[in-house]
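For reference, the structure discussed in these notes is given below.
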Amino acid sequence: MTLQKLKDNSSGFAAIFVLLILMTLALAVTYSLSAVINTRISISSIMLKSAQSYYSAESGIEDALLRVMKGYNYTAINDFVLVDSDINQTITQNGNITTIESLSSHFNHLRKVKTEITLSSTVAQFHYGVQVGAGGLEMAQTGSTIHGNLYSDGPVIEVGKGNATVTESLIVSGFNSLDGITVGVDAYANAIVDSEIGGDAYYQTISGSTVGGTSYPEYPNSPELGMPFTDAEIDSFKADAAAFGTLDPSLCSLSSDTTINGGKIVCPTGFDTNNNDLILNGTLWVVGDVTLGSDIILGSGYGKSSGMIIADDPLNTSTKGKILINNAVRVCGSAGCGFNNDTYIMLLSTHSGIGTSYAIDVRNTADGAITYSAHGIIFLKNNANVKEAIAYKLVTSNNTDVYYEDGLANVNFISGPGRGWVVNSWIEIE
């Protein structure tokens with residue numbers, strides 16, 4: 001073999017060797033890149049599934065929030081599937097605080113979210129079946145009965161010779177008197193006149209009365225008791241109603257059964273249900289007078305909270321803002337008429353007229369409302385029946401009844417379903 005041939009063979013072998021090395025390096029780089037890409041794809045897939053699990057957990061929270069805030073039926077523990085995600089909801093309540101946890105598993109990737117919400121409401125503590133201001137209480141005619149207790153900052157008297165009765169305790173503040181009333185338990189007044197006291201009697205003077213328990217003469221006068229709501233709080237209730245928007249004036253006179261989701265409505269000639277049922281889904285503020293002629297029902301979305309109708313004309317409180325509740329009207333809670341679930345509708349009047357100008361006039365077997373008039377007179381007539389009466393002055397006649405319920409001791413008023421909740425926290429915990 002010649003020297004030239006040896007040189008040619010060596011060169012060919014070197015070229016092949018270099019090519020093999022380059023191919024090996026290329027394969028190594030390709031494998032490395034493939035491994036990196038596969039790892040990143042795997043990580044991306046894990047992250048995508050984890051993100052899907054998180055958003056499914058968020059969906060579980062939002063589903064539970066909707067059920068709680070709107071008052072829909074729900075169970076404390078609930079399981080369901082959403083786009084290949086298994087979701088477990090847990091809802092717990094402690095007073096006004098509700099805690100919701102949502103655990104999601106999307107292809108075994110677990111994410112858990114927790115939120116805590118509080119029912120933001122105005123709590124009214126109605127500790128007395130009747131509370132009246134300086135105007136006092138006139139219990140006239142026959143059979144007027146307060147089935148509960150009474151606090152009055154004015155005189156409490158029977159007009160005529162009927163059978164006026166307070167079944168529980170009665171407190172008359174200041175130098176005011178108690179005259180002609182049958183009291184089931186204890187009585188407190190500066191002067192007790194011609195009354196029957198079933199329990200103890202606390203007074204400065206007494207005459208023509210019988211005391212079943214112990215008498216406490218020269219007992220100090222009781223202090224005046226402020227109204228449950230301030231005028232500023234009532235203004236905030238009106239602001240809540242106005243936040244729903246201004247309603248069409250055509251609703252001032254209903255022509256059929258109607259649902260109102262809350263709002264402010266200006267009715268110069270008055271708001272009248274015209275014997276049509278009204279379902280109330282939010283605070284209603286009527287600028288003018290209100291006449292109720294058929295059932296008024298609190299929307300089911302209120303759940304365990306209560307609502308209100310406000311009659312108030314800020315520019316004409318001495319002549320406007322009166323409420324008339326006609327014969328056989330039922331004012332019903334969120335479970336509907338015929339049920340008792342400790343929810344109520346408060347009928348609130350800002351009318352300040354005196355004399356025979358009644359702020360709230362309840363007639364002929366009307367049943368079930370909380371009536372509130374801090375500056376006016378409430379009149380209960382002919383078998384009228386309410387859950388609570390709070391007024392500057394109260395006048396009753398002809399077999400009227402106030403039936404106080406234990407649930408009135410702490411009533412949560414909100415402007416409307418979904419508007420009374422505050423989110424305290426919203427975090428991922430797993």
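The values are calculated or read from the model by the stated rules, or taken from the named source; none is laboratory data. On a predicted model such as this, the values are computed, not experimentally measured, just so you know. Positions of Cβ are backbone-derived with ideal geometry, glycine not excepted, and every protein chain shown enters the neighbour counts.
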| Taking G154, is it touching a residue at least 24 places away in the same chain (Cβ under 8 Å) and more than 23 Å from E405 (Cβ to Cβ)? | yes
| message | Of the residues N78, N9, N73, only one is within 30 Å of S415 (Cβ to Cβ), modelled with pLDDT under 75 and either within 30 Å of the chain's Cα centre (by Cα) or not in a strand (DSSP E or B) (or both); which? | response | N73
| message | Any residue that is assigned by TED's automatic domain parsing to the domain that holds D231 and within 22 Å of F379 (Cβ to Cβ) - is there at least one of those in region 295-302? | response | yes
| task | Of the numbered conditions (1) more than 38 Å from the chain's Cα centre (by Cα); (2) under 17 Å from N149 (Cα atoms), S215 fails exactly one; give the number of that condition. | result | (2)
| said: I'm told D342 meets every condition in (1) over 22 Å from V130 (Cβ atoms); (2) touching a helix residue (DSSP H, G or I) at 6+ places or on another chain (Cβ under 7 Å) except one. Can you identify the failing condition by its number? | reply: (1)
| request: Evaluate the following for G301: is it on the phi > 0 side of the Ramachandran plot and either surrounded by fewer than 21 Cβ atoms within 10 Å (Cβ to Cβ) or in contact (Cβ under 8 Å) with a residue 12 or more places away in the chain (or both)? | output: no
| request: Test L65 against the stated conditions and say whether it is modelled with pLDDT under 80 and either loosely packed, with under 10 Cβ neighbours inside 10 Å or within 60 Å of the chain's Cα centre (by Cα) (or both). | output: no
| request: For I297, state whether it is in contact with a Cys (Cβ under 9 Å, 6 or more places away or on another chain) and either part of a strand (DSSP E or B) or farther than 30 Å from Q93 by Cβ (or both). | output: yes
| task | Would you be able to say whether some residue in region 237-245 is loosely packed, with under 15 Cβ neighbours inside 10 Å, out of contact with any Phe, Trp or Tyr (no Cβ under 8 Å at 6 or more places or on another chain), free of Cβ contacts under 8 Å to residues at least 40 places away in the same chain and within 30 Å of G262 (Cβ to Cβ)? | result | yes
| query | Taking region 107-158, which residues are crowded, with 22+ Cβ neighbours inside 10 Å, outside the structural domain of T396 (by TED's automatic domain parsing) and among the acidic types (D, E)? | reply | none
| message | Criterion first (surrounded by fewer than 21 Cβ atoms within 10 Å (Cβ to Cβ) and under 25 Å from L315 (Cα atoms)) does D257 satisfy it? | response | no
| query | Can you name every residue in region 294-336 that is among the small types (G, A, S), farther than 20 Å from S373 by Cα and out of contact with any Asp or Glu (no Cβ under 7 Å at 6 or more places or on another chain)? | reply | G299, S300, G301, G303, S305, A328, G333, S334, A335, G336
| Pick from D295, D289, D277: which is crowded, with 20+ Cβ neighbours inside 10 Å, among the acidic types (D, E), under 23 Å from the mean Cα position of the chain (by Cα) and within 26 Å of N364 (Cα to Cα)? | D295
| Where residues in region 182-235 are in a loop (DSSP other than H, G, I, E, B) and among the β-branched types (V, I, T), which of them is nearest to W285 (Cα to Cα)? | T230
| Index of the failed condition, S173 passing every other in (1) among the small types (G, A, S); (2) in contact with a Leu (Cβ under 7 Å, 6 or more places away or on another chain); (3) farther than 20 Å from I377 by Cβ | (3)
| note | Within region 371-414, the residues that are over 24 Å from N163 (Cα atoms) and at pLDDT 85 or above are Y372, S373, A374, H375, G376
